[in-house]
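Structure record follows, encoded as structure tokens.
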Amino acid sequence: MDYDVLFVDIDGVVWMDGKPIHQNINALKKIQESGTKIIYLTNNSTRSRSMYADRLSELGLRVDANSVVNSGYSASIWLKRRHGPARVLMVGEEGLAEELIQQGHRLVTPSDYGKAEAVVVGLDRGLTYYKLDAAARAIRGGALFIATNRDNMYPTPTGLAPGAGSIVAFLETASGKNVVFDAGKPNPWLLEAAYMLLGYKPRKAAVVGDRVDTDMMLAKNASVDGILVLTGVARERRDSIPGWVKVVNTLMDLL
């Protein structure tokens, strides 16, 4: 392989609906053995980087937290560079809270929404109207409005469920304000965050994923190769794959 680094999506590549995709996992092990660096990228902010590293390690992959970039980390470091440590009203789950705290941000409760300097929004499966009301009030009051991603839906074993983008859309309507920063794919900032962890910009890199609208558009926006693997979402919509995308059935094809 002629790549220094592969930026690999997780859902639809490493596992699908929580079930490991063994052909891809075995290929990733061999790719690592060949000397190619692998960084895992995901728009999912419900798990922290350390949580993902633990789960990926259980599958036999050599991973630590610095080999994972999720949208919660991406949002947290962007806010730190823009504002410094901030008081954050979070709409999200445990993984997002962990990433925010690690960057020095301080979480405020919905009852203290007036103290929030930023509102950071991810998927929140324990969402309440009370929390939405507080977030909308904080945004109207001038807090920075940051989305971890704008994926309106995500796949589950029982079908599509509302994603973080659905919550973001609600708050845009309720606050009358637009998001000032979207930290997820296909924003090339996600790769900039990965380069910071690597400490260098690779000579040649590729984004590997199962979706055209997020993974392949990230590759295009960041001017790196895009490799679409047909083990996830794109398997059902082959007619929508653009001609500039490299397509493989599984990652074993790369070997």
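Here are a few things to note about the model shown:
- Number of the condition not met by GLY163 [criteria: (1) without any contact (Cβ under 8 Å) to a residue 24 or more places away in the chain; (2) outside the structural domain of ASP11 (by TED's automatic domain parsing)]: (1)
- Top-ranked residue in region 213-255 [being of a type in the set (S, T, N, Q) and over 17 Å from VAL13 (Cα atoms); ranked as farthest from the chain's Cα centre (by Cα)]: SER240
- Any hit, region 184-192, residues being among the hydrophobic types (A, V, I, L, M, F, W, C), more than 17 Å from MET216 (Cα to Cα) and either modelled with pLDDT under 95 or in a helix (DSSP H, G or I) (or both): no
- Every residue from region 1-45 that is among the polar types (S, T, N, Q) and surrounded by 21 or more Cβ atoms within 10 Å (Cβ to Cβ): ASN24, THR42, ASN43, ASN44, SER45
- Number of residues in region 121-149 that are outside any strand (DSSP E or B) and surrounded by fewer than 23 Cβ atoms within 10 Å (Cβ to Cβ) equals 16.
- Tallying residues that are of a type outside the set (A, V, I, L, M, F, W, C), outside any helix (DSSP H, G or I) and either surrounded by fewer than 20 Cβ atoms within 10 Å (Cβ to Cβ) or modelled with pLDDT of 95 or more (or both) within region 210-230 yields 3.
- Matching residues, region 33-73, being touching a strand residue (DSSP E or B) at 6+ places or on another chain (Cβ under 9 Å), within 17 Å of ALA183 (Cβ to Cβ) and in a helix (DSSP H, G or I): ARG49, TYR52, SER71, GLY72
- Residues (among the aromatic types (Phe, Trp, Tyr), in contact (Cβ under 8 Å) with a residue 60 or more places away in the chain and over 15 Å from ILE139 (Cβ atoms)) located in region 166-208: TRP189
Condition check ((1) closer than 22 Å to ALA97 by Cβ; (2) charged (D, E, K, R); (3) at pLDDT 95 or above) across all residues:
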| site | (1), (2), (3) |
| --- | --- |
| HIS22 | no, no, yes |
| ILE25 | no, no, yes |
| SER34 | no, no, no |
| SER50 | yes, no, yes |
| ASP54 | yes, yes, yes |
| GLU58 | no, yes, yes |
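- Annotation: GLY165 fulfils all but one of (1) part of a helix (DSSP H, G or I); (2) modelled with pLDDT under 95; (3) not hydrophobic (A, V, I, L, M, F, W, C); the unmet one is (2).
- Complete set of residues in region 180-196 that are of a type in the set (A, V, I, L, M, F, W, C) and either crowded, with 16+ Cβ neighbours inside 10 Å or within 17 Å of PHE145 (Cα to Cα) (or both): VAL180, PHE181, ALA183, TRP189, LEU190, LEU191, ALA193, ALA194
- Among the candidates TYR113, TYR195, TYR200, TYR129, the residue that is in the same structural domain as MET16 (by TED's automatic domain parsing) and at pLDDT 95 or above is uniquely TYR195.
The values are calculated or read from the model by the stated rules, or taken from the named source; none is laboratory data. From a predicted model like this one, the values you see are computed outputs, not experimental measurements. FYI the Cβ positions are ideal-geometry reconstructions off the backbone, even for glycines, and counts take in every protein chain you see.
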